[in-house]
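Taking it in order: structure first as C-alpha cells, then the write-up.
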Amino acid sequence: MSDFTQIRYEVDGPVATIVLDRPEKLNAYTRDMMREICAALDASDADDAVRAVILTGAGERAFCAGADLTPDSGAGPFSSDEEVEDLSDERVRDGGGRLTLRMFNSKKPLIVACNGVAVGVGATMQLAADIRLASDNARYGFVFAQRGIVPEAASSWFLPRLVGMQTALEWCYTGRIFGAEEARAAGLVRSVHPQGELLGEARKLALEIAENTSAVSVAMTRAMMWRLSSLDHPMKAHRIDSRSIYRLSRSADAGEGIASFLEKRPPDFPGRPSSDMPDFYPWWEEPEFE
C-alpha cells in the first residue's frame with residue numbers, strides 16, 4: 001500500500017509481510033507507525049487471499065529499538081503531551097496497547113520474525129503475535145523500570161502467559177537485555193535462526209498454514225485459544241467448542257476436509273473469514289458470554 005511512510009506492506013501469494021521501515025532509526029516506534037500497522041492489519045483481515053501475516057523489521061540490526069525518544073518524533077516519548085484530568089479519556093490510552101489489542105483481534109495468524117534488537121515496545125508488541133521466530137543476533141529488553149515507567153502494550157496480560165510469572169517479573173524488574181537463546185529457552189520465541197534464514201523460515205511456516213488448513217477454522221481457533229484459555233472454568237470453553245464444532249461440521253470446509261483426506265489430495269477449502277464465520281462469532285461481544 002503506497003500511502004505508508006513508516007512501514008511496508010507486501011503481499012506475496014497467501015502471505016502478507018509487514019515491515020517496520022525506519023532502519024535509520026533502528027525502526028523506532030511512533031504513533032504514526034502504530035496507526036500504519038493497524039491499517040495494514042485491517043487490510044490483511046479484509047483480504048481473503050491472505051492466510052498469514054509476518055511482522056519483521058527492515059535491516060539486520062533491529063526489529064524495533066523501542067519508542068522513538070528523539071525530540072522530532074512528533075509526540076511525548078511515552079504518552080500524549082496533552083494534560084488530561086480524566087484518566088478514562090481516550091487520549092490517555094497507551095499507543096502500544098492500541099496496537100496489541102488490534103493484533104489480538106486479527107483473524108489471520110501473526111508470525112513475528114525478530115531480526116535484531118527488540119526493546120521496550122519492540123519487545124511488547126511481539127507478545128500479541130501467535131508465533132515468534134528470532135535471528136541469532138536478536139536481543140530483547142523489557143526496560144521500562146530503567147526508564148521510570150511500567151510495562152505497556154497490555155504486556156502484563158500477555159507476557160506471564162507466554163513465559164510464566166517468575167520469568168516475566170525477573171525480566172521486567174531488572175530491565176536487562178537478554179539474547180535469543182534465553183528467549184527461546186523461556187518460551188518467548190519458538191526458534192532461533194541465522195539472520196539470512198529468518199524470513200525464509202517464517203514464510204515456510206506461514207505457507208504450511210496457508211496450504212493445508214481452512215482459513216475459517218484457523219480464524220476460529222485463534223479466537224478460541226486466545227480468549228478461552230484465560231477463562232475461570234473449562235465449561236465456558238466447552239460451550240464455545242460445542243457451538244463451533246456443530247456449525248463448522250456442517251460447513252463446506254468440513255466436507256472438503258474429509259473428501260481431500262479420503263482422496264489423498266491437497267485440500268481446497270472454499271470458506272472465507274470475511275463471510276463464512278459461524279453466526280455466533282464474535283461471541284465475546286454478546287452479553288450471555290460475559
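The values are calculated or read from the model by the stated rules, or taken from the named source; none is laboratory data. Since the structure is predicted, the reported quantities are computational estimates derived from the model, not experimental observations. Because the Cβ atoms are built from the backbone with ideal geometry, glycine has one as well, and the counts that use them run over all protein chains shown.
Residue check: is Ser275 part of a loop (DSSP other than H, G, I, E, B) and not charged (D, E, K, R)? Reasoning before the result, please.
On the way: part of a loop (DSSP other than H, G, I, E, B): yes; not charged (D, E, K, R): yes.
Here the answer is yes, as Ser275 does meet what is asked.
Looking for whichever is among the hydrophobic types (A, V, I, L, M, F, W, C), touching a residue at least 24 places away in the same chain (Cβ under 8 Å) and assigned to a helix (DSSP H, G or I) here; the options are Ala134, Ala153, Ala185, Ala145. Which one fits? Before you say what the answer is, go through the steps one by one.
Working: Ala134 fails: assigned to a helix (DSSP H, G or I); Ala153 fails: assigned to a helix (DSSP H, G or I); Ala185 fails: touching a residue at least 24 places away in the same chain (Cβ under 8 Å).
From the options Ala134, Ala153, Ala185, Ala145, the qualifying one is Ala145.
Which of the residues belonging to region 170-199 are among the hydroxyl-bearing types (Ser, Thr, Tyr) and in contact with a strand residue (DSSP E or B) (Cβ under 7 Å, 6 or more places away or on another chain)?
Scanning region 170-199 gives a single hit, Ser191.
Can you tell me which residues in region 249-290 are exposed (fewer than 12 other Cβ atoms within 10 Å of the Cβ), closer than 19 Å to Asp45 by Cα and among the charged types (D, E, K, R)?
Asp279, Glu285
Within region 122-161, work out how many residues are surrounded by 24 or more Cβ atoms within 10 Å (Cβ to Cβ), more than 16 Å from the chain's Cα centre (by Cα) and at positive phi.
The total comes to 0.
Here is a yes/no grid of residues against (1) in contact with an Asp or Glu (Cβ under 8 Å, 6 or more places away or on another chain); (2) in a helix (DSSP H, G or I); (3) surrounded by 17 or more Cβ atoms within 10 Å (Cβ to Cβ); (4) modelled with pLDDT of 95 or more:
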position	(1), (2), (3), (4)
Ser2	no, no, no, no
Thr5	yes, no, no, yes
Val11	yes, no, no, yes
Ala16	yes, no, yes, yes
Met33	no, yes, yes, yes
Cys38	no, yes, no, yes
Asp42	no, yes, no, yes
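Any residue that is within 30 Å of Ser275 (Cβ to Cβ) and surrounded by 17 or more Cβ atoms within 10 Å (Cβ to Cβ) - is there at least one of those in region 181-195? Steps first, please.
Filtering region 181-195 for residues within 30 Å of Ser275 (Cβ to Cβ) gives none.
No.
Can we say Ala49 is aliphatic (A, V, I, L, M), more than 15 Å from the chain's Cα centre (by Cα) and over 19 Å from Phe142 (Cβ atoms)? Spell out the reasoning first.
Values: aliphatic (A, V, I, L, M): yes; more than 15 Å from the chain's Cα centre (by Cα): yes; over 19 Å from Phe142 (Cβ atoms): yes.
Yes; evaluated as a whole, the condition is true for this residue.
Glu85 versus (1) over 30 Å from Ser217 (Cβ atoms); (2) at pLDDT 95 or above: which is the lone unmet condition?
All conditions pass for Glu85, except number (2).
Among the residues in region 194-214, are any in a loop (DSSP other than H, G, I, E, B) and over 12 Å from Leu133 (Cβ atoms)? So that I can check it myself, show each step before the final result.
Applying the first criterion (in a loop (DSSP other than H, G, I, E, B)) to region 194-214 yields 194, 213-214.
From what is left, the residues that are over 12 Å from Leu133 (Cβ atoms) are 213-214.
Yes, that holds for at least one residue.
Please state which of the following conditions Arg139 fails to meet, knowing it meets all the rest: (1) within 30 Å of Ala43 (Cβ to Cβ); (2) in contact with a helix residue (DSSP H, G or I) (Cβ under 8 Å, 6 or more places away or on another chain); (3) without any contact (Cβ under 8 Å) to a residue 60 or more places away in the chain.
(1)
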